[in-house]
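The structure appears right after this line, and notes come after that.
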Amino acid sequence: MKIYILNGPNLNLLGIREPGIYGSLGYDELCRGLASYCEERGIEAVLYQSNHEGDLVDKIQEAYFAGASGIVLNPGAYTHTSIALLDALSAVKIPTVEVHISDVTKRESFRKTSYIRPACVASIIGHGVKGYYEAVDLLAGGKETGVYARKV
Ligand code: DQA
């Protein structure tokens, strides 16, 4: 199976940005860890980060044409603003797990809104970078395990 693991703005600064909130692991280290985790499970992973909303829309569309069977998406701040990302996910209908490293439910009130959540099969919030691995596991589990109906 092929999955896309997409990260939005400022997530390339993991390890540098607010380590008290996002931890000390760098983005490159996270990608290396996820790439080998997926490889060990026979999952083809496409890892991508952009600071630009339209680039993320392009990547979601690419996932459709590439026949991806899942998307792990941390849209960063675009979570709280982007109808374009919601529309892209609704269009392609690829099972998508929303991931947030921090617990957005316990921070500023504007972080409580997620525009993309209605188009996601699950949301993993506040589990640190471990949340990305949990999202991969959910997608790899597939429909048989019923994960697509579950909100985490
Ligand atoms: C984030 C939470 C967002 O509110 C924030 O803008 C981010 C990262 C997270 O992973 O906790 O950039 O998505």
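Numbers for the structure displayed
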quantity: For q = 0.15 Å⁻¹, Debye-computed log10 I/I(0) when each Cα of region 1-42 counts as one equal scatterer; calculated: -0.42
quantity: Cα coordinate range in region 30-117, projected on the principal axes (Å, largest first); calculated: 39, 27, 21
quantity: Accessible-area composition of the chain, carbon plus sulfur, in percent [1.4 Å probe]; calculated: 53
quantity: 1.4 Å probe accessible area per residue over region 3-152, in Å²; calculated: 47
quantity: Charge dipole magnitude, Cβ of K and R +1, D and E -1 - region 1-137, Cα centre, debye nearest 20; calculated: 360
quantity: Among beta bridges that DSSP assigns inside the chain, antiparallel share in %, nearest 5; calculated: 0
quantity: Stokes-Einstein translational diffusion, the chain - Kirkwood Rh over all Cα pairs, 1.306 mPa s, 10 °C, in µm²/s; calculated: 105
quantity: For region 1-72, projected area of the alpha-carbon convex hull averaged over all directions, nm²; calculated: 4.8
quantity: Centroid-to-centroid separation of region 69-146 and region 1-51 [C-alpha atoms, Å]; calculated: 14
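The values are calculated or read from the model by the stated rules, or taken from the named source; none is laboratory data. In this text, all values refer to a predicted model and were calculated from it rather than measured experimentally. Note: ideal-geometry Cβ built from the backbone for every residue, glycine included; neighbour counts use all protein chains shown. These accessible areas exclude ligands, DNA and RNA; they are computed on the full protein's heavy atoms, side chains included. Shrake-Rupley method; radii C 1.70, N 1.55, O 1.52, S 1.80 Å.
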